[in-house]
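What follows is calculated from the coordinates using simple rules that are stated; it is not laboratory data. Everything quoted here is computed from the prediction, not taken from an experiment. All Cβ positions, glycine included, derive from the backbone under ideal geometry; neighbour counts span all protein chains shown.
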Amino acid sequence: MEPNKGKENELGTESVGKLLFRLSMPAIAAQVINVMYNMVDRMYIGHIPGVGAAALTGVGVTMPVIMAITAFAYFISMGGAPRSSIMLGRNEKDKAEKILGNCTTMLVVLALILTAVFLVFGRSILLLFGASENTIGYAWDYMKIYALGTIFVQLALGLNAFITAQGYAKTSMYTVLIGAVCNIILDPIFIFGLNMGVKGAALATILSQAVSSVWVLRFLTSEKSSLRIKRKGLKLEAGVILPCMALGTSPFIMAFTESILSVCFNSSLLRYGGDVAVGAMTILSSVMQFSMLPLQGLTQGSQPIVSFNYGAGNAERVKKTFKILFLCCIGYSTLLWALSMFCPQIFIMIFTSDAALTEYTHWAIRIYMAASLMFGAQVACQQTFIALGNAKVSVFLALLRKVFLLIPLIFILPRFVENQTMGVFLAEPVADFCAVCVTVTMFSVSFKKILARMEGGKK
């Protein structure tokens with residue numbers, strides 16, 4: 001038996017509940033640690049003597065660009081990883097490794113393109129995203145160094161998904177943890193010790209990502225990995241990479257549109273509610289980002305189990321995994337809703353002590369999070385579609401919530417509500433409610449058909 005064969009067997013034989021818990025906990029931890037990257041940078045930058053506030057604002061402007069770079073990593077990895085798990089389940093290891101190799105090459109190609117684009121047009125893009133004459137210097141100083149490390153970001157984020165896809169959740173978590181620890185250590189050295197300021201923060205981040213990418217590459221070329229990067233798999237083949245990119249379109253849209261949503265919300269709220277409304281939105285989006293991390297971790301933990309057993313034709317384990325995932329997601333989202341409705345100060349006090357902003361956010365969060373009770377169902381169903389390799393439906397659902405519903409509602413609802421700022425905040429629960437209803441309905445119909453096909457032996 002190969003030394004890594006047991007890991008594959010676990011996905012098909014171990015108790016689903018125990019397996020989901022074991023894979024999800026490291027995934028949740030990795031999600032939290034990953035968010036810490038940017039938080040640590042901001043914390044140190046904000047304390048640069050004399051220029052901290054302007055520098056922090058400047059770096060904040062780079063966030064949509066960084067989110068875009070991350071989205072392209074998801075474009076490849078979140079489509080390739082589930083497909084490789086499905087192939088492992090079918091015992092087609094060569095095909096799985098070819099997917100890994102093709103995705104590796106495409107990540108490198110995209111990294112080179114993105115680096116060139118941001119080095120040439122980065123300054124203009126930052127000005128378009130809201131950088132002023134006072135902050136563009138800091139934003140560009142950070143961005144031009146970060147852009148040079150795009151290759152490390154793509155490889156670290158993109159290839160780490162293939163470690164998770166094999167069931168090596170702890171190894172995947174270590175990828176993120178190693179990078180975060182390096183960043184925490186290097187940030188004060190470069191920013192304050194070497195007096196590099198914002199440039200030092202960017203350099204610390206890309207060097208940390210470089211360490212993470214080396215860790216990932218070493219694992220995926222070692223005997224510990226069920227899937228290995230091999231030279232013969234690196235040559236791009238349309239029949240291999242295009243289905244991965246099709247499946248990855250949904251996570252790409254979900255990540256990429258976050259920056260667009262931020263601009264839409266802020267512009268509309270500034271018009272109707274002024275700076276305090278924008279400040280409240282900053283807190284609400286931060287609450288939503290952090291609160292969604294456990295849901296993302298749960299779905300990441302379920303992906304290799306669902307994909308592997310779908311490939312192996314084990315309908316019962318696919319059904320059981322989804323049932324447990326659904327109940328966990330609903331349970332968590334219900335708890336989140338209850339805290340938002342009855343104890344909103346728990347979230348608000350983390351971000352501000354300002355009395356006016358606290359009072360404003362207190363009522364805003366109850367509107368914004370009104371449909372979060374149902375959000376667990378949306379996440380569980382949508383991510384399971386991806387795990388099952390259903391590219392078309394997952395893309396439609398990603399577009400439905402954010403592009404077809406949420407963005408138009410941000411601008412439409414204030415016209416029909418007396419309190420116009422409330423109308424802007426109301427866009428979120430209305431979009432969530434509609435999206436959940438459509439998603440659950442489509443999933444129920446599709447999932448029954450998939451299970452019936454599996455049980456009939458027609459995959």
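Listing for the model above:
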| quantity | calculated |
| --- | --- |
| Gain in span if fully extended, VAL120 to PHE21, counting 0.36 nm per residue against the direct Cα distance | 31.1 nm |
| Net length gained if the chain between LEU270 and LEU399 were fully extended (0.36 nm per residue, minus Cα distance) | 43.9 nm |
| Rounded D (µm²/s) - region 71-155, Kirkwood Rh over Cα pairs, Stokes-Einstein at 20 °C, 1.002 mPa s | 147 µm²/s |
| Of the DSSP H helices in the chain, those whose Cα atoms cover at least 20 Å axially and whose Kyte score averages -1.0 or more | 16-45, 63-89, 93-128, 150-164, 169-188, 198-220, 238-291, 293-312, 315-342, 372-387, 420-455 |
| Along principal axes, Cα extents of the chain, largest first, whole Å | 62, 52, 35 |
| Straight-distance crosslink candidates among aspartates and glutamates, where the alpha carbon sits under 20 Å from LYS235 and sequence neighbours closer than 8 are dropped | GLU92, ASP94, GLU97 |
| Options ILE330, ILE66, ASN390, ranked by Cα towards positive dipole end of the chain, top entry (Cβ charges) | ASN390 |
| Whole-Å distance, taken between Cα centres, linking region 259-281 and region 167-185 | 34 Å |
| Percent of Cα-Cα distances greater than 18 Å, calculated over region 310-452 | 63 percent |
| In Å, descending, principal axis extents of the Cα set of region 86-232 | 58, 31, 23 |
| Filter on LYS98/LYS320; LYS93/LYS402; LYS170/LYS230 - keep pairs with C-alpha separation over 27 Å | LYS98/LYS320; LYS93/LYS402 |
| Estimated inter-spin distance, LEU236 and HIS362, nm [label 7 Å along Cα→Cβ] | 5.6 nm |
| Inter-label distance, nm, simple model (7 Å from Cα along the C-beta direction), CYS437/VAL32 | 3.6 nm |
| Nearest-0.05 FRET efficiency for SER353 and PHE192, computed from C-beta distance (R0 41 Å) | 0.95 |
